[in-house]
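What follows is calculated from the coordinates using simple rules that are stated; it is not laboratory data. From a predicted model like this one, the values you see are computed outputs, not experimental measurements. All Cβ positions, glycine included, derive from the backbone under ideal geometry; neighbour counts span all protein chains shown.
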């Protein structure tokens with residue numbers, strides 16, 4: 001219950017213009033500023049540098065140019081053109097070609113057909129990349145999966161999706177995507193969802209997450225187990241061993257700046273670990289969701305703010 005209250009509070013704070021302006025001033029002010037623990041930077045150059053550092057440590061990475069819920073077709077077009085420039089920068093840098101994006105960033109709230117066209121532009125420009133379509137709140141689950149399937153059927157096979165274990169519908173969605181041959185990133189769910197569509201108790205979400213881990217390892221296509229929960233990681237490892245899965249048949253995914261010790265431990269044990277590297281000026285909503293997931297991070301933020309003002 002406390003976890004749900006935390007999500008609600010931080011999602012409300014994420015909508016505060018006052019907090020956003022203050023965060024914009026202090027969050028990226030210097031290398032030790034609070035937001036840089038979770039955000040690689042505001043520019044693609046900073047993101048590329050972070051990606052290179054991760055790769056030097058034996059980690060995989062996916063870049064995410066932050067942004068969501070654009071309100072006009074011009075904004076959607078601008079975001080799409082930004083992603084094309086990110087793709088060019090990744091090619092030039094020679095780093096792993098893996099990106100994550102949100103459909104509302106491409107105009108889904110304004111016009112679905114335009115969002116699909118914008119995604120096609122990105123996929124065409126990044127034909128040798130893997131593009132993960134991030135999942136947003138449950139209001140977007142059906143349309144996101146529908147768009148994924150449309151593009152999959154049109155021959156775009158360099159795409160994958162994200163499924164959230166806290167939603168009641170996810171087991172059926174996993175079966176649908178696995179049957180198609182699509183790649184799934186499994187998360188617990190960072191959005192505050194109603195009891196009509198999602199499990200509310202952490203124990204129930206963990207139980208569903210464990211069930212879905214096993215299903216993906218049984219029939220999924222290179223699944224991504226996205227968690228910092230050592231219990232879920234141990235469960236995935238034991239399931240994979242029992243099923244005879246090689247350690248390169250799936251990967252763990254974690255967020256930039258969180259549990260670096262765990263990331264390195266898994267790499268040393270021969271597992272693949274991909275780090276989600278967010279960057280860009282529109283970092284505040286993402287940052288607040290991270291605090292909502294783990295309020296203990298707030299202590300770090302307050303210490304950093306005090307140092308910035310000192």
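Using a simple spin-label model with pseudo-atoms 7 Å out from Cα toward Cβ, residue 179 and residue 125 lie 3.5 nm apart.
Once the Cα-Cα distance is subtracted from the 0.36 nm per residue extended length, the residue 269 to residue 72 segment shows a gain of 66.2 nm. P(r) tail for segment 25-140, what percent of Cα pairs lie past 16 Å? The proportion of pairs with Cα distances above 16 Å equals 62 percent. Looking at segment 40-282 alone, DSSP beta bridges between its own residues are antiparallel in about 5 percent of cases.
Compared with the rule-of-thumb size 2.2 N^0.38 Å for a compact globular protein, segment 94-232 has a Cα radius of gyration ratio of 1.04.
What are the equivalent ellipsoid semi-axes of segment 133-215, built from the alpha-carbon gyration tensor (square roots of five times its eigenvalues), in whole angstrom, biggest first? Please report the intermediate quantities before stating the final value.
Numbers: eigenvalues 103, 38, 17 Å².
Semi-axis lengths for segment 133-215 are 23, 14, 9 Å.
For segment 218-296, what is the convex hull volume of its Cα atoms per residue in Å³?
Once divided by residue count, the hull of segment 218-296 is 110 Å³.
Put simply, the convex hull of the Cα atoms in segment 40-282 casts, on average, a shadow of 12.3 nm².
Measuring max minus min along each principal axis, the C-alpha atoms of segment 161-268 give extents of 42, 32, 22 Å (largest first). Take 218-224, 240-246 and order them by the average number of nearby Cβ atoms within 10 Å per residue, most first; the result is 218-224, 240-246.
Going by a ≥ b ≥ c, the root eigenvalues of the Cα gyration tensor, does segment 184-227 fall in the rounded group (a/c under 1.5), the prolate group (a/b larger than b/c) or the oblate group?
Numbers: a/c = 2.49, a/b = 1.97, b/c = 1.26.
Taking the square roots of the gyration eigenvalues as a ≥ b ≥ c, segment 184-227 is prolate.
Modelled label positions at residue 230 and residue 45, each set 7 Å beyond Cα in the direction of Cβ, lie 4.0 nm from each other.
Using Cα-Cα distances under 8 Å and only pairs 6 or more residues apart, what relative contact order does segment 98-169 have, in percent?
On the way: 72 pairs, mean separation 24.3, N = 72.
The value is 34 percent.
How high is the FRET efficiency from residue 111 to residue 85, r the C-beta distance, R0 22 Å, rounded to 0.05?
Details: r = 23 Å, r/R0 = 1.03.
Efficiency, rounded to the nearest 0.05: 0.45.
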